[in-house]
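The values are calculated or read from the model by the stated rules, or taken from the named source; none is laboratory data. Since the model is a prediction, treat every value here as computed from it, not as a measurement. So basically every Cβ, Gly included, is an ideal-geometry build from the backbone, and we count neighbours across all protein chains shown. What goes into the accessible areas is simple: the full protein's heavy atoms, side chains included, and nothing from ligands, DNA or RNA. Shrake-Rupley method; radii C 1.70, N 1.55, O 1.52, S 1.80 Å.
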Amino acid sequence: MTDPAPAPWYGRTHWRILAALVVGLVYGVVAALAGWSEFTADWITPWGTIFLRLLLLIAVPLVLGSLITGVASLADLRRLSRIGSRTIAIYLATTFVALVIGLALVNSIQPGASIPEDVRTRLQEQYESDVEDRQATAAEVAERSPLQPLVDMVPDNALFAATRNREMLSVVFLAFLLGVALLRLPRAQAQPLLDLFSSLNASIIKIVEMILVVAPVGVFALIAGTITTVSGDDPANVAQIIGALGLYSLTVLAGLLLHAGVTYPTLLALFTRIGPVTFFRGISQAQLVAFSTSSSAATLPVTMRAAERNLGVSEEVASFVLPLGATINMDGTAVYMAVAAVFIAQTLGIPLDFAAQATIVFTALLASIGTAAVPSAGLVMLIIVLEAIGVPSEGLALILGVDRLLDMCRTATNVTGDAAVAAAITAGERSAPPGGPAGAAGGAGGGA
């Protein structure tokens, strides 16, 4: 039997999503010029909200089904320990590199020196109420015990944890615990529950395919809503904000591009046989969804589908590494926090010595791991970083105007990192003897 002919390029989902993104940008500018912001908010934006909710709707059952079956399929705890330790080590390493890249760029470019005093004052006044809300949330986080994230990871109510996307780390813990329990049970006892979660996982993947059919509509609505929200009825507002914060925005974008374009291809070259073109083509659909939704959690179903189908990531690795990455791997957020913290300090005329910048690395590394995989959650963690280095958190007002647009870019970077690490872990597992130690770190595995 011959394989069905591939769909023409214009019929592929990622091209349709990209086209919808461009059309959404154009519509947003036109809507701002024509004064259609209210119409867009009433009749266009809700379709984007529905699309985002559909993705979030399946995030928890996907993590439960995929992670439980993935852990239980690893055959022994030594292999699980090996995959888990390598995954966390690589995630932490790439996040550290992201922070170093952000600090190197912001110290070299000095974007804070380009902000005039009058623009600084106007931005602080314009976003004063938003800053107060973020400060209140950050104060609650800062007052917690250093071990509180560990406490929060262990839910006291399984059903409650499974109904909240913001408690994704608790869901991961619950799924991991149940998967290990099934792994240690006799196969005959574990099989009925494994079949149930395997069926759940297959059903969710099918729902993902159904949702992707309407993805272009959702992406169009999300982008159009974002543009009209930022600009109001005057696109000059966007140009004015970006003009004042242009160098800061370019610094963040340069850091994200450098990390995605150098760090991840280097990781792939060290561990796999996947070339950069193959990798970025394979993950492009997930990147576009991440860009439009600004949520790693919402993009998770698409990321898993793209990694398995296009990058050759094994199902068991994808089921473990990608949900974990959506929870703790925030490389794009790390670049942003490093650049934003130093930029605000530069703008306010506060010098930061080596010790202060080392504090940024340490604090941002921990904060990025605990950042919720939802839009703009990094802003709350940025306040904690600012307080740690003695920079007034009111300075957050300086970057709020462009944060929504940059959030879309850093989420796409986060998702790209998740996929790169999953590909590296898969290659390492293929080259490792069963139940034995992992292959040499620099060895090329059997890539996609």
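Remarks
- Residues of the range 255-280 that are open to solvent by less than 40 Å² (accessible area, probe 1.4 Å) and within 30 Å of residue 113 (Cα to Cα): 255, 256, 259, 260, 263.
- Candidate set from the range 368-389 (those that are open to solvent by less than 20 Å² (accessible area, probe 1.4 Å) and within 20 Å of residue 107 (Cβ to Cβ)); member that is modelled with the lowest pLDDT: 368
- Residue 327 vs. criteria out of contact with any Phe, Trp or Tyr (no Cβ under 7 Å at 6 or more places or on another chain) and modelled with pLDDT under 85: yes
- Selection status of residue 158, open to solvent by less than 70 Å² (accessible area, probe 1.4 Å), at pLDDT below 80 and within 30 Å of residue 195 (Cα to Cα): yes
- For the range 47-77, the set of residues classified as over 21 Å from residue 329 (Cα atoms) and modelled with pLDDT of 80 or more consists of 47, 48, 49, 50, 51, 53, 54, 57, listed by residue number.
- Which listed residue is modelled with pLDDT of 85 or more, surrounded by 13 or more Cβ atoms within 10 Å (Cβ to Cβ), among the small types (Gly, Ala, Ser) and in a helix (DSSP H, G or I), from 98, 89: 98
- Residue-level check: of (1) open to solvent by 10 Å² or more (accessible area, probe 1.4 Å); (2) at pLDDT 85 or above, residue 365 misses just (2).
- Listed by first and then second residue, the pairs with beta-carbon distance under 6 Å, at least 6 apart or on different chains, first residue in the range 391-420 and more than 21 Å from residue 290 (Cβ to Cβ), second of a type in the set (S, T, N, Q) and open to solvent by less than 10 Å² (accessible area, probe 1.4 Å), are 398/347.
- Residue that is modelled with the highest pLDDT [pool: residues in the range 390-400 that are open to solvent by 10 Å² or more (accessible area, probe 1.4 Å) and part of a helix (DSSP H, G or I)]: 400
- The residues of the range 334-359 that are open to solvent by 10 Å² or more (accessible area, probe 1.4 Å), out of contact with any Leu (no Cβ under 7 Å at 6 or more places or on another chain) and touching a residue at least 40 places away in the same chain (Cβ under 8 Å), listed by number, are 346, 348, 350.
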